[in-house]
Amino acid sequence: MINTMYGKSILDLTELTKSEFLAIIELAVAVKKKPEDYKGALAGKILAMIFEKNSTRTRVSFEAGIIQLGGQAIVLDSKSTQMGRGEPIKDTAKVMSGYVDAIMIRTFSDQMVAELAKEATIPVINGLTDHHHPCQILADFQTIYEIKGKLEGIKLAYIGDGNNMAHSFLIGGSLVGMDISIAAPKGYEPKQEFIEIAQKNAEASGSKIEISNDPMQAVKEADVLITDVWASMGDEAEQAERAEVFKAFQVNNRLAVQAKQDYTFLHCLPAHRGEEVSADIIDGGHSAIYQEAENRLHAQKALMLKLMKE
Ligand code: CP
Ligand code: NVA
């Protein structure tokens with residue numbers, strides 16, 4: 001079968017068709033089950049990783065993943081490279097394309113990553129930007145698939161900031177036919193352009209998209225309950241102000257009882273217990289956060305196989 005994803009860049013989830021997205025999840029499950037079958041699959045391949053924001057999971061899971069597939073990683077940050085001294089993105093993209101086989105980047109600007117991908121002749125993977133976090137969604141949907149046995153028809157409720165995670169849930173969920181219900185405080189809703197993409201996807205997949213300011217309503221009968229930090233990387237200066245605004249959006253037992261009895265709680269981590277989620281929920285029996293974090297490894301190995309192996 002022809003791999004339609006070979007050589008592609010993944011900036012957000014709009015680059016993937018539904019069948020490509022599901023093929024990554026399917027491969028992630030297979031890679032997790034029998035990692036030895038994929039041991040040398042990317043032998044000799046090099047992944048460059050650029051970090052302009054902190055990371056634990058993305059940093060370690062990508063590096064471990066490429067090593068497990070037989071390749072190697074080079075970890076960079078903008079400060080120690082010429083990027084930090086203003087070298088044009090175009091030149092960086094062209095030069096790096098001559099050295100390595102793919103670039104994973106975590107940074108602020110989506111526009112910068114888009115330019116990097118446009119100028120590079122190798123795949124560029126978004127490892128988190130201000131507007132998107134596609135790799136996290138792959139791991140989250142793998143986790144949901146493992147626990148619920150399906151993605152289509154699942155109701156996913158996301159409570160909190162209309163941030164990069166919210167945008168990626170909107171795009172990915174609507175693509176595979178999940179109902180996505182987001183409740184955010186007024187003024188912190190997801191960006192309209194990503195809601196519109198999701199609505200368009202939803203017309204094709206038959207899913208429902210709801211955006212509101214009412215967390216109680218949003219979690220009703222949800223299969224999956226998700227939240228994220230109230231102040232993302234880059235928003236730290238607003239931490240105190242946001243803590244006030246988001247108070248009623250904490251995922252706690254009062255809210256969770258509205259969800260289905262067998263609901264699953266997810267959080268991309270790092271989390272702040274007592275802020276966006278109460279400790280009893282994140283550390284309780286419904287929480288699958290460590291399975292979710294582990295799946296970053298398997299999902300990204302699957303993604304690299306699809307993008308980097310003909
Ligand atoms: N969830 C996630 O991307 O974690 P890191 O910031 O640790 O990479
Ligand atoms: N929304 C968070 C996710 C961290 C993995 C942030 O951007 O900081």
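The values are calculated or read from the model by the stated rules, or taken from the named source; none is laboratory data. Keep in mind that this is a model prediction, so the values were computed, not measured. Neighbour counts run over all protein chains shown; Cβ positions are idealised from the backbone, glycine included. These accessible areas exclude ligands, DNA and RNA; they are computed on the full protein's heavy atoms, side chains included. Shrake-Rupley method; radii C 1.70, N 1.55, O 1.52, S 1.80 Å.
Any residue in the stretch 286-308 that is free of Cβ contacts under 8 Å to residues at least 40 places away in the same chain and more than 16 Å from ligand 1 (Cβ to nearest atom)? No. Please work out which one of (1) surrounded by 19 or more Cβ atoms within 10 Å (Cβ to Cβ); (2) out of contact with any Leu (no Cβ under 9 Å at 6 or more places or on another chain); (3) under 26 Å from Tyr290 (Cα atoms) is the condition Pro185 fails and give its number. In the conditions (1) surrounded by 19 or more Cβ atoms within 10 Å (Cβ to Cβ); (2) out of contact with any Leu (no Cβ under 9 Å at 6 or more places or on another chain); (3) under 26 Å from Tyr290 (Cα atoms), Pro185 misses (3) alone. The condition of being of a type in the set (Lys, Arg) and either in a loop (DSSP other than H, G, I, E, B) or within 16 Å of ligand 2 (Cβ to nearest atom) (or both) holds for Lys150. Among the candidates Ile180, Ile137, the residue that is without any contact (Cβ under 8 Å) to a residue 40 or more places away in the chain, crowded, with 23+ Cβ neighbours inside 10 Å and within 21 Å of Phe265 (Cβ to Cβ) is uniquely Ile180. Here is a check on your reading of the model: is Thr14 within 16 Å of ligand 2 (Cβ to nearest atom) and not small (Gly, Ala, Ser)? Judged against the criteria, Thr14 is not a match.
Of the residues making up the stretch 24-82, those that are assigned to a loop (DSSP other than H, G, I, E, B), open to solvent by less than 60 Å² (accessible area, probe 1.4 Å) and either closer than 21 Å to Met5 by Cβ or more than 16 Å from ligand 2 (Cβ to nearest atom) (or both) number 8.
Restricting attention to the stretch 143-170, the residues being surrounded by fewer than 24 Cβ atoms within 10 Å (Cβ to Cβ) and among the aromatic types (Phe, Trp, Tyr) number 1. Could you tell me how many of the residues in the stretch 143-168 are within 21 Å of Glu26 (Cα to Cα) and either acidic (Asp, Glu) or more than 14 Å from ligand 1 (Cβ to nearest atom) (or both)? The number of residues fulfilling the criteria is 13. Under the condition of being closer than 15 Å to Ala218 by Cα and of a type outside the set (Lys, Arg), the residues counted in the stretch 140-192 number 21. Per the conditions (1) within 16 Å of ligand 2 (Cβ to nearest atom); (2) touching a residue at least 60 places away in the same chain (Cβ under 8 Å), the sole criterion not satisfied by Ala237 is (2).
Residues in the stretch 215-239 that are among the small types (Gly, Ala, Ser) and either open to solvent by less than 80 Å² (accessible area, probe 1.4 Å) or on the phi > 0 side of the Ramachandran plot (or both): Ala218, Ala222, Ala231, Ser232, Gly234. Take Lys260 and decide whether it is open to solvent by 60 Å² or more (accessible area, probe 1.4 Å) and free of Cβ contacts under 8 Å to residues at least 24 places away in the same chain. Considered against the rule, which asks whether it is open to solvent by 60 Å² or more (accessible area, probe 1.4 Å) and free of Cβ contacts under 8 Å to residues at least 24 places away in the same chain, Lys260 comes out as no.
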